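Just below is one structure, and these are the notes that go with it.
The values are calculated or read from the model by the stated rules, or taken from the named source; none is laboratory data. Remember, predicted model here, so these are calculated numbers, not experimental data. Cβ sites come from the backbone with ideal geometry, for glycine too, and all protein chains shown count toward neighbours.
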Amino acid sequence: MPLPTGDTIGILADNLRLRRSVLPIPVESAIRWTKGLDLPHGGERVLYTGLMYQLIPYIEELVAAQQKMGESWMAGFTGFGRQINKILNVSAFMAHPSRDKLESFDRVPRNVALLLKRAGIEFGALYEDDLYSGALAYDLGADEELKEHASKVYATLKKHGVKEVVTIDPHTTNMLRSVYPTLLDGYDIKVRNYLEVLAEAEMVPNHRLDGEVGIHDSCVFARYEGVTAQPRQLLEGAGLSLREPEHAGTMTLCCGGPVESLYPQKAAAQAERRVAEIAAVAERGVTMCPLCYVNLQKAAKDRIRFDDISDYLRQAYEA
């Protein structure tokens, strides 16, 4: 059974207020992807990760720990755990992903940085000031904590002289582009996702890929941010043949990811349904969101392989 919903949401909201992320991670894990890229510190345009890909290995371990607790006598002490967490970051003791796992998710922001360089885009990074966007707090209705956090993010961007951010994942894109303007007076940051930037650049691939891939649209990209044509343009430009599952574009099917920490069984069932749709049209699947990637890959097991879209694009355009 899942842990008590109210206490679980409370811990995540407390973390955002006290530690600037629903799941605080070490600074080294947040910025490891920048190593060797020689990106300027700040500037008018920055690549903003929102920590989404870096968080995934920790989220996976924390969800597994939560499931074990929910099946044990410890589930009744979640409220007490929340009080302890206000003083000491409890999640730091519950999630210890391997270095290999961490580095496997670092590859995505690195892919994106190298692709942007290939497209001739000038940009910097915020390093330790690249803050989590607050997406999960928004999804769970922690409105007060979210507004306070959004103010911190905006102040940080202004401190570094940022006028435009290039985002990587759909959730960070949606928060900074569509949600923050409803929370903050005078918010004036331009926000584009890297897929939009690369599609505008109309790059010619260095290596044409072949084969078929089933495309999984992120709900947030497709329904809220209008990002559906750009990934298709880039993948087809790379030489791939795209196969559309039964539900695609604005009618895409959710991967189950957003509710995994609260309702793991429902999330797993939803991921299973989506994997079946994509496996029906291709032997490989492509995702463009870290939550989609990890949930669908977990549900797929050996039936179908999923890769992040940046892996395909780097093979074709950057090498």
Asn206 vs (1) of a type in the set (S, T, N, Q); (2) modelled with pLDDT of 95 or more; (3) within 24 Å of Arg118 (Cα to Cα): all pass except (2)
Within segment 134-169, restricting to residues that are in contact (Cβ under 8 Å) with a residue 40 or more places away in the chain and β-branched (Val, Ile, Thr), the one that is surrounded by the fewest Cβ atoms within 10 Å (Cβ to Cβ) is Val162
When (1) outside the structural domain of Thr287 (by TED's automatic domain parsing); (2) charged (D, E, K, R); (3) modelled with pLDDT of 95 or more are applied to Asp143, the one that fails is (3)
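When you check Cys255 against the structure, is it closer than 19 Å to His171 by Cβ and not in a helix (DSSP H, G or I), yes or no? Outline the logic, then answer.
Details: closer than 19 Å to His171 by Cβ: yes; not in a helix (DSSP H, G or I): yes.
Spelling it out, Cys255 is indeed closer than 19 Å to His171 by Cβ and not in a helix (DSSP H, G or I).
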Matching residues in segment 155-195 (in contact with a strand residue (DSSP E or B) (Cβ under 7 Å, 6 or more places away or on another chain) and basic (Lys, Arg)) number 4
Take the conditions buried (at least 16 other Cβ atoms within 10 Å of the Cβ) and in contact with a Lys or Arg (Cβ under 6 Å, 6 or more places away or on another chain) and apply them to Leu183. Does it pass?
yes
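Looking for whichever is farther than 21 Å from Met288 by Cβ, under 19 Å from the mean Cα position of the chain (by Cα) and aromatic (Phe, Trp, Tyr) here; the options are Tyr127, Tyr187. Which one fits? If you could, list the steps in order and put the result at the bottom.
Numbers: Tyr187 fails: under 19 Å from the mean Cα position of the chain (by Cα).
It is Tyr127.
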Tyr187 vs (1) touching a residue at least 60 places away in the same chain (Cβ under 8 Å); (2) in a loop (DSSP other than H, G, I, E, B); (3) among the hydroxyl-bearing types (Ser, Thr, Tyr): all pass except (1)
- In this structure, is Asp100 exposed (fewer than 14 other Cβ atoms within 10 Å of the Cβ), modelled with pLDDT under 95 and under 19 Å from Leu291 (Cα atoms)? yes
Given (1) closer than 30 Å to Glu246 by Cβ; (2) outside any helix (DSSP H, G or I), Asn174 misses just (2)
Going through segment 251-273 in order, the residues found to be under 15 Å from Val220 (Cβ atoms) and at pLDDT 95 or above are Met251, Thr252
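Let's see how each residue does on (1) in contact (Cβ under 8 Å) with a residue 12 or more places away in the chain; (2) out of contact with any Ser or Thr (no Cβ under 8 Å at 6 or more places or on another chain); (3) surrounded by fewer than 21 Cβ atoms within 10 Å (Cβ to Cβ); (4) hydrophobic (A, V, I, L, M, F, W, C):
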| position | (1), (2), (3), (4) |
| --- | --- |
| Ala271 | yes, yes, no, yes |
| Ala279 | yes, yes, yes, yes |
| Glu283 | yes, yes, yes, no |
| Leu291 | yes, yes, no, yes |
| Ala299 | yes, yes, no, yes |
| Asp302 | no, yes, yes, no |
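Looking at segment 214-248, which of its residues are small (Gly, Ala, Ser) and more than 19 Å from Arg192 (Cα to Cα)?
Keep residues of segment 214-248 that are small (Gly, Ala, Ser), which gives 214, 218, 222, 226, 229, 237-239, 241, 248.
Across segment 214-248, the qualifying residues are Gly214, Gly237, Ala238, Gly239, Ser241, Ala248.
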Within segment 190-236, of all residues that are assigned to a loop (DSSP other than H, G, I, E, B) and of a type in the set (Ser, Thr, Tyr), the one nearest to the chain's Cα centre (by Cα) is Ser218
